[in-house]
1. Given the conditions (1) loosely packed, with under 14 Cβ neighbours inside 10 Å; (2) under 26 Å from Asp472 (Cβ atoms); (3) within 25 Å of the chain's Cα centre (by Cα), and given that Arg446 satisfies all but one, which numbered condition is not satisfied?
2. Here are some conditions: (1) touching a residue at least 40 places away in the same chain (Cβ under 8 Å); (2) surrounded by fewer than 21 Cβ atoms within 10 Å (Cβ to Cβ). Gln383 meets all but one. Which one does it not meet?
3. Among the listed residues Leu440, Leu528, Leu484, which satisfies the condition of being in contact with a Lys or Arg (Cβ under 8 Å, 6 or more places away or on another chain), surrounded by 19 or more Cβ atoms within 10 Å (Cβ to Cβ) and under 30 Å from His220 (Cα atoms)?
4. Could you grab the pairs with beta carbons closer than 8 Å, sequence gap of 6+ or different chains, first residue in segment 357-376 and farther than 20 Å from Leu326 by Cβ, second one of a type in the set (Ser, Thr, Tyr) and open to solvent by 50 Å² or more (accessible area, probe 1.4 Å)?
5. If Asp88 satisfies every condition in (1) touching a strand residue (DSSP E or B) at 6+ places or on another chain (Cβ under 6 Å); (2) among the acidic types (Asp, Glu); (3) modelled with pLDDT under 95 but one, which is the exception?
6. Being free of Cβ contacts under 8 Å to residues at least 60 places away in the same chain and more than 24 Å from the chain's Cα centre (by Cα) is the filter here; which residues of segment 300-333 pass it?
7. Mind checking which residues of segment 461-482 are farther than 18 Å from Asp431 by Cα and either in contact (Cβ under 8 Å) with a residue 40 or more places away in the chain or of a type in the set (Phe, Trp, Tyr) (or both)?
8. Would you confirm whether or not segment 362-383 contains a residue that is within 20 Å of Leu426 (Cα to Cα) and either charged (D, E, K, R) or not in a strand (DSSP E or B) (or both)?
Amino acid sequence: MKFALGQINPTLGDFAGNGQLIETALRQAEQAQADVLVLPELALCGYPPRDLLGRPAFIDACDRALADLAAKVGRTAVIVGIVERLPDAPWGRPLANSAAFLSEGRVEAVGRKRLLPTYDVFDEDRYFQPGNTPMVVPFRGRRLGISICEDAWNDSAFWQQRRYPIDPLEELVAAGADILINLSASPFGVQKRQQRVDMLANSARRLQRPLVFVNQVGGHDDVIFDGASLVLNAQGQVLARAEEHATDLITAVVTEAGDVADGQLRARGNEVASLYNALVLGTRDYARRCGFRTALLGLSGGIDSAVVACIAAEALGPENVFAVALPSRYSSTGARDDASALAANLGLQFSEIPIEAPFAAFLGTLAPHFEGRAPDVTEENLQARIRGNLLMALSNKFGHLLLTTGNKSEVAVGYCTLYGDMCGGLAVISDVFKLSVYELAKHINRNGPIIPPSTIEKPPSAELRPDQKDEDSLPPYAVLDPLLRMHLEEDMDADALVQAGFAPKLVGDILRLVRLAEYKRWQMPPGLKVSAKAFGTGRRFPIAQGFRDSPKG
């Protein structure tokens, strides 16, 4: 049986546009003489629709889109993710996250997602009823076992601790499925990238069934979907793979013996390249889906703004990126030169707006009220807020999307200024630790210097006071980043961090900074999620709380 994997990039609620993407994929599948076109989870409406599911007009549009698509399906069958209306639901979630099997102009079968995730960015139990029976569809002599995303994430032989009492893939095999098919909207994560492949391979090998996995691609608000759809044989070997971070359609033949023939196997880059491409995709889709054609950022001459500028230039085109240097009395000549050189290397629209005059005016206005008090972080924050105001004014006047440039290390410990450098519409690298920012810079420069070498080599500094360095206030990033990663992404508490080798005082100080900065993070713009746990919709810590996690003794 020949499968076409339609790895599309749907837009939430754009039923006409999504329908066109699906129809294009269907025509390509027909030309390839595929028996079945498999599309992602909720492909008709886009994933995740969230509270749009509470709008009756949205559900009506879902129904119409399914009817329109079914009428266009001929010999090549289509398996597509849909919102299913449940008019007889006994309690208050009259919808299901379902898969529809379409053939010869009709909806032949519908099956529901069994496992509804309610962790990290997922909140499906809020909207959907779970299915309770496996979906096995006889078709052209084969029995297709159809599952949806999370249904494949509960393999008892892969996970040490499972979230659910059932394994839907096992139940599909028990019900007679000889080919497993999974429709997904599985978000990107650096650590998850290989883990997902290993998990699917383990399931295919354990159950002795070929497995077709089709994933959505594209950015939706803070979540990025990487595609990388797969076909694995019954021994768990990946024999077909679609592009990562790009739309694609590939085909593969699943034989009666459970092997995979004639599969297209796209090349896959390394981890840093994948991270960079994910950030480009997320930035591009966020901008275009929010109606922005141009972007703006403050270019300081530092590593963070340099990397964000490169991402923006690739996402939107350098001619559509406006970079502004905003030097103060503390800005070094080297930083100003680096900002100008980077803009020239990328071909950005570049200008410089010194902030000395407004800064001096603020200081003069506040002098009578600050009399007798030495300069401190207040004066540093004034500079950041002046810059934020100027950038927001340019954004308002010209309609640019303002990108913030703070990294995860800074955002975690509050080394950022609310209503200052946190101003903007998208926090591009807020889920990228500082050391990974340097890795991204090296990737960007892999074929020659785009980011000036001095930007990468100099000690990081906010340049808000004379001779300031990040390490004046923070431990070296080689120490800070691993500690933060273990705490934020692995949920290691204070005692566990001490047992891992970190000094008790350091652990107590850093965890205190993380807790105190929560109010800032609630007010920052959406940030692109690329890790196991990002600041945003998947992390829900209270601001006002009395729990103090400090090392014992």
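1. So Arg446 meets the others, but not (2).
2. That leaves (2) as the condition not met.
3. On the way: Leu440 fails: in contact with a Lys or Arg (Cβ under 8 Å, 6 or more places away or on another chain); Leu528 fails: in contact with a Lys or Arg (Cβ under 8 Å, 6 or more places away or on another chain).
Of Leu440, Leu528, Leu484, the one residue that is in contact with a Lys or Arg (Cβ under 8 Å, 6 or more places away or on another chain), surrounded by 19 or more Cβ atoms within 10 Å (Cβ to Cβ) and under 30 Å from His220 (Cα atoms) is Leu484.
4. Short answer, once both residue conditions are applied: Phe370/Thr378.
5. Tallying (1) touching a strand residue (DSSP E or B) at 6+ places or on another chain (Cβ under 6 Å); (2) among the acidic types (Asp, Glu); (3) modelled with pLDDT under 95, Asp88 fails exactly one: (1).
6. From segment 300-333, those free of Cβ contacts under 8 Å to residues at least 60 places away in the same chain are 309, 313-321, 323, 325, 327, 329, 333; that's our starting set.
Selection gives Glu319, Ala323, Ala325, Pro327, Arg329, Thr333.
7. Kept after step one, since they are farther than 18 Å from Asp431 by Cα, are these residues of segment 461-482: 461-476.
The answer is Ser461, Ala462, Glu463, Leu464, Arg465, Pro466, Gln468, Asp470, Ser473, Leu474.
8. Here is the first cut: in segment 362-383, the residues within 20 Å of Leu426 (Cα to Cα) are none.
Scanning segment 362-383, I find no residue that is within 20 Å of Leu426 (Cα to Cα) and either charged (D, E, K, R) or not in a strand (DSSP E or B) (or both), so the answer is no.
The values are calculated or read from the model by the stated rules, or taken from the named source; none is laboratory data. Predicted model only: the values in this text are computed from it and were never measured. Using ideal geometry, Cβ is built from the backbone for each residue, glycine included, and neighbour counts are taken over all protein chains shown. SASA here: full protein model, heavy atoms, side chains in, ligands and nucleic acids out. Shrake-Rupley method; radii C 1.70, N 1.55, O 1.52, S 1.80 Å.
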